[in-house]
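Visitor: Sharing a structure below in structure tokens format, with a few things to ask.
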Amino acid sequence: MKGKKILVTGGTGQVARPVAESLAEGNDVWCLGRFGTPGIEWELNRRSITTWHWDMDDLSGDALKGLPEDFTHVIHSAVRRGEDGDFNATAEVNSVAAGRLMAHTRTAESFLYVSTGALYARQTLDHKYTETDPVDGVADWLPAYPVGKIAAEGAVRAFAQVLGLPTTIARLNIVYGPGGYGGVPMLYFKRMLAGEPIPVPLSGQNWCSLLHTDDLVAQVPALWRAATAPARVVNWGGDQPVGITDCVRHMEALTGVEAKLVPSEVTRETYQFDPTLRRELTGPCRVAWRDGIRRTLETLHPEHVRR
């Protein structure tokens, strides 16, 4: 993509920051956020990214006042996750922020909303979830999070249709890679380094569809091109099914660091996607998960990787 004016929210995070930095080469990229981490705003500015201070919790109509409206493409990745357990605030902040953002950028060619696979109604551990599977918004590890995403999806669907704004709702799986903190696999590796237990199901293992940052960045333009009004929903994950236990054992083999897997009734549930629709829209992924995990470890924890 060249010569576009692109708006990115959540641009300091694991998902949207590499997208913003990649698209800044040849496009006019703006990032909205609070920029609370020292130095982060300077780092984005150094990459020729324009920053704009925006707090999702500000529900007033003035939160976006003064921000240009002539963006050609938008990726909305910012989220109130609901760590405080306030379901009502999580639903309201996420849905109102999405609606105001879409209204502000109603003339855009395409709007991409980053949702989550955590909103699906839980089925078997190895079930391949499709876009038409039922949702229920139950997640023991962060209860308010999927509820906020369901509420925001509703707002995004409404505004896409009312405004005639071509929109893609991409339900994201687990993103990982050498940027930021590395994603969920690296959180597990930090637990391994600390000797902390890693809860796993009493029987079988959790499955997911890991998506490497390189593939995520490459697929964003295709998801914009796929946008429609009413909004199009697509599962956004990798091509390969990945068992979480298999992933942890792979890191164990690469580093020699022991993983203390503890069977438990409560684990960090993950979801494996059927990649059929996404592959039709974006083409296949390029990074195999085992190679991606190795490359991520070599970047973030090189001292632990066996040579």
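Derivation of every value follows stated rules applied to the coordinates shown; laboratory data play no part. Only a predicted model underlies this, so the values are computations on that prediction, with no experimental measurement involved. Glycine also receives a Cβ, built like all others from the backbone with ideal geometry; neighbour counts cover every protein chain displayed.
Visitor: Give me the net charge of Ala63's neighbourhood, meaning all other residues with Cβ under 11 Å from the Cβ of Ala63; Lys, Arg count +1, Asp, Glu -1.
Guide: -2
Visitor: Another question, if that's okay. Using Cα-only point scatterers and the Debye equation, what is log10 of I(q)/I(0) for region 187-235 at each q in 0.18, 0.23, 0.29 Å⁻¹, rounded to two decimals?
Guide: One equal scatterer on each Cα of region 187-235 leads to -0.79, -0.93, -1.12.
Visitor: Tell me what the chain gives for mean residue ellipticity at 222 nm when only DSSP H runs of n ≥ 4 count, each as -39,500 (n - 2.57), the sum divided by the residue total, rounded to 500 deg cm²/dmol.
Guide: Mean residue ellipticity at 222 nm (helix-derived): -11000 deg cm²/dmol.
Visitor: Please grab the % of Cα pairs in region 36-93 that end up more than 18 Å from each other.
Guide: For region 36-93, the share of Cα pairs beyond 18 Å comes to 53 percent.
Visitor: In whole Å, what are the Cα extents of region 62-115 along the three principal axes, biggest one first?
Guide: Its Cα atoms span 36, 24, 12 Å along the three principal axes.
Visitor: Would you mind classifying region 75-151 by shape? Square roots of the alpha carbon gyration tensor eigenvalues, ordered a ≥ b ≥ c; an a/c under 1.5 is rounded, otherwise it is prolate if a/b is larger than b/c and oblate if not.
Guide: oblate
Visitor: Another one. Jot down the radius of gyration and Dmax of region 155-307, Cα atoms only, both in angstrom.
Guide: Just the Cα atoms of region 155-307 yield Rg and Dmax of 17.4, 57 Å.
Visitor: If you don't mind, another one. Just to compare against my own numbers: the Cα pair-distance distribution for region 1-81, 10 Å bins, whole % per bin, please.
Guide: 19, 55, 25, 1
Visitor: Once the dipole of the chain is set up with Lys and Arg at +1 and Asp and Glu at -1 on Cβ about the Cα centre, which of Trp207, Leu300, Ala144 lies farthest towards its positive end?
Guide: Farthest towards the positive pole: Leu300.
Visitor: For a quick check: sort Val233, Val242 by the number of other beta carbons within 10 angstrom, fewest at the front.
Guide: Lowest to highest Cβ neighbour count: Val233, Val242.
Visitor: Could you let me know the centre-to-centre spacing of region 179-216 and region 79-157, using Cα atoms, in angstrom?
Guide: Going from one Cα centre to the other spans 22 Å.
Visitor: Cβ under 10 Å from Ala89's Cβ, Ala89 left aside: what net charge do those residues give with Lys, Arg +1 and Asp, Glu -1?
Guide: Charge balance in the 10 Å sphere: -3.
Visitor: Sorted by mean Cβ packing within 10 Å, highest first, what order do the peptides 273-283, 211-221 take?
Guide: Per-residue mean Cβ counts within 10 Å order the peptides as 211-221, 273-283.
Visitor: Starting from 0.36 nm per residue, how many nanometres of slack lie between His127 and Ser60 once their C-alpha separation is accounted for?
Guide: Gain on extension, His127 to Ser60, equals 20.0 nm.
Visitor: If packing is taken as the mean number of other Cβ atoms within 10 Å per residue, what is the order of 55-68, 194-207, 80-93, highest first?
Guide: 80-93, 194-207, 55-68
Visitor: Just need the Rg to Rh number for region 1-151, please, alpha carbons only, Kirkwood Rh.
Guide: Across region 1-151, the Cα-based Rg/Rh ratio is 0.99.
Visitor: Once you put a point 7 Å from the Cα of Lys190 and another 7 Å from the Cα of Arg47, both along the Cβ direction, what distance in nm separates them?
Guide: My value for the distance between the label points is 2.0 nm.
Visitor: Let me know the number of lysine pairs in the chain closer than 29 Å at the Cα, not counting same-chain pairs under 8 apart.
Guide: 11
Visitor: I've got another one for you. Using Cα-Cα distances under 8 Å and only pairs 6 or more residues apart, what relative contact order does the chain have, in percent?
Guide: 18
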